[in-house]
1. For the chain, calculate the relative contact order in percent as a whole number, restricting contacts to Cα pairs under 8 Å that are 6 or more residues apart.
2. Let me have the relative contact order for the range 1-147, percent, based on Cα pairs under 8 Å that are six or more residues apart.
3. Give me the number: length gained by fully extending R58 to E232, i.e. 0.36 nm times residue separation minus the C-alpha to C-alpha distance, one decimal in nm.
4. With 10 angstrom as the radius, rank S252, S59 by how many other C-beta atoms surround their C-beta, starting from the fewest.
5. Using DSSP, restrict attention to beta bridges with both residues in the chain and report what percent are antiparallel, rounded to the nearest 5.
6. Using a cut-off of 14 Å between beta-carbons, work out the net charge of the residues near P30 (Lys and Arg +1, Asp and Glu -1, P30 not included).
7. Which residue fluctuates the most in the chain, going by a Gaussian network model with Cα springs under 10 Å, if the choices are F202, F194, F179?
8. Build a GNM of the chain with springs between Cα atoms under 10 Å: which of H219, H282, H319 gets the top mean-square fluctuation?
Amino acid sequence: MIYLSALPALAASAYWLLALVAVIRRWFEPEPRAAVLPPISVLKPIHGRDPDLYRAIRSHVVQDYPEYEVLFGFNDPNDAGIQDVLRLISEFPDRSLRLIEAPNQAPNGKVGVLARLATEARYPLLLVNDSDITVASDYLRRVVAHLEDPRTGVVTCLYRARSQHLPGKFEALGIATDFAPGVLVSRLIGVARFALGSTMLFRAGDLRRIGGFDAIARHIADDYELGRRISELGYQVALSRTVVETALQGRSWGQVWRHQVRWARTIRCSQPAGYVGVIVTHATLWAMLAWVAGAWPVAMAAFGIRMLAGLAVGVGVLHDAQVALLAPLIPLRDLWGFAVWAAGLLGDTVEWRGQRLRLSRDGRITPV
């Protein structure tokens, strides 16, 4: 009985050992350097205004890159984020910046805005990321280098998160020590056809081949769908070594819970088999059960490997300084994560952008 109780902890140990292998592989993975720097159209949908919005969008305007444009799109003419875009245009009159109204009735309003921006883009390379993403000045140079490989169709990036509030910091800890390791392990074992909303760089011609943004306008996981569909054209999804940063606005535990459950249910609809398999990764829970059953050596090993791998990704890959400070909270975050995973198994409604939406089995959305 003791050995049976230890099996989940052993499986979790194997998963987190793979995470460590993925970290080591990433440390030694060569980073491509661009021989040419083709012009890029950056598409930025704006929805709402948070305290970090101006800093985030400004980071895209001060890029060390010879030729690019940034198109800002909005659905609601009363959107508070418009004032930050106008301020930016006034501050940088010599840059190619445009603010475009994109009214639409798409179930995924963000994709509806992107569909309009894509028709306005001048250049054959398109880069999309969320409005709250902050990037380094060499960001465009680093991501575009991957597209020199003709086998690559989409370039994406890992991200770290920041927050001014404890619930948000708690969520950021999960992104650094749970979500990001999962991305690295998936790629290590060959599951690499998905993109992340933190960065999606691709060719405009390939977007047209998959039916444009209109083809994914009914899906909540538009980043996953875009990566999947372009990869089905025969391309790879490359993961750049550059790491971007996002701002989390969760001020309360309830906000963080709803955000996490929405994320969980979205992943479940996009990758149902993979979502069920995530149960193996909950090392803290399985280590506790193994300890209670008397298999304490297995419990200690599982917990130790999990902690080491989480720190290796959070600090060593994402360069997230707060991970080391908040490391004692990782076990609590893990138990919270298991509760979120369980909630994600049930229900088909989520709250997103002020709307309550119903998810179909393939990730399509309809308003409730």
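Bear in mind that the values in this text are calculations on the coordinates, not laboratory data. All values derive from a computational prediction rather than experimental measurement. Neighbour counts run over all protein chains shown; Cβ positions are idealised from the backbone, glycine included.
1. Working: 670 pairs, mean separation 85.7, N = 368.
Here the relative contact order equals 23 percent.
2. Numbers: 199 pairs, mean separation 51.0, N = 147.
Relative contact order for the range 1-147 comes out at 35 percent.
3. Details: separation 174, 0.36 × 174 = 62.64 nm, distance 3.42 nm.
Contour length minus Cα-Cα distance gives 59.2 nm.
4. Working: S252 12, S59 17.
So the ranking, lowest neighbour count to highest, is S252, S59.
5. 45
6. On the way: positive: R25, R26, R33, R142, R241; negative: E29, E31, E148, D149.
Local charge sum for P30: +1.
7. Among F202, F194, F179, the largest mean-square fluctuation in the Gaussian network model of the chain belongs to F179.
8. Per the Cα network of the chain with a 10 Å cutoff, H319 tops the list.
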